[in-house]
Every structure is written in structure tokens, then in C-alpha cells.
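One structure is given here, and the rest of the page talks about it.
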């Protein structure tokens, strides 16, 4: 299997993993270097290089936001860490 073929298989399998284990949906490949997607509560990207997931809601927040916003960020960070950990286990 060539490197390109391996990456295609890994990409397909990781997208299926995200769909099945984390309820990810609406994958869009318009960006080229990454896929955009959403879960029931968060939006994110899956980078093609390294298969790292970043959720939009994990952005750092300074003072002055409502407690609900900080809680949402914290939940996104936990989910992002779980997703990336699971992807790394798949890649091993």
C-alpha cells in the first residue's frame, strides 16, 4: 500500500470513528487541508496532517464572560482531549 493509499484509508476510518463514537456529522472537505464537522453540541476541524481535532469552542477566554460560557469551553476541552486520545490509539 502506498503512503497516499494509507492516508486515504486512515482518513476514512477516523471519520467513521468520529461518527460512531462521538456523534460527529456534516463532514465538509472544502478547505483541503482539513475537514470541518459538527457534533451535537460543538463544531470542529479534523486536520489531514496528523489527524488532530480542534473544537472551535476551546478558544481561550479572558475575564468577563458568563459562567455558562466557561463551562461550555471546559466541556469542549474535555471532549477534544478524548477525541484526540482515541485517534492516537487508533493510529498506533
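Considering region 1-39, the residues that are in contact with a strand residue (DSSP E or B) (Cβ under 9 Å, 6 or more places away or on another chain) and surrounded by fewer than 10 Cβ atoms within 10 Å (Cβ to Cβ) include one that is modelled with the lowest pLDDT, namely 30. The set of residues in region 41-81 being touching a residue at least 12 places away in the same chain (Cβ under 8 Å) and in a helix (DSSP H, G or I) consists of 56, 57, 58, 72, 73, 75, 76, 77, 79, 80. Taken over region 1-40, the criterion of being in a loop (DSSP other than H, G, I, E, B), touching a helix residue (DSSP H, G or I) at 6+ places or on another chain (Cβ under 8 Å) and farther than 17 Å from residue 84 by Cβ is satisfied by 1 alone. Would you check which residues across region 40-51 are loosely packed, with under 10 Cβ neighbours inside 10 Å and over 21 Å from residue 91 (Cβ atoms) and list them? 40, the sole residue that qualifies.
Reported count of residues in region 52-62, each being surrounded by fewer than 15 Cβ atoms within 10 Å (Cβ to Cβ) and either closer than 27 Å to residue 13 by Cα or at pLDDT 95 or above (or both), is 1.
Looking only at region 51-72, decide whether some residue is on the phi > 0 side of the Ramachandran plot and in contact with a helix residue (DSSP H, G or I) (Cβ under 8 Å, 6 or more places away or on another chain). Within region 51-72, one or more residues are on the phi > 0 side of the Ramachandran plot and in contact with a helix residue (DSSP H, G or I) (Cβ under 8 Å, 6 or more places away or on another chain).
The values are calculated or read from the model by the stated rules, or taken from the named source; none is laboratory data. Small disclaimer: the values here were computed from a predicted structure and weren't measured. Every residue, glycine as well, gets a Cβ built from its backbone with ideal geometry; the counts of neighbours run over all protein chains shown.
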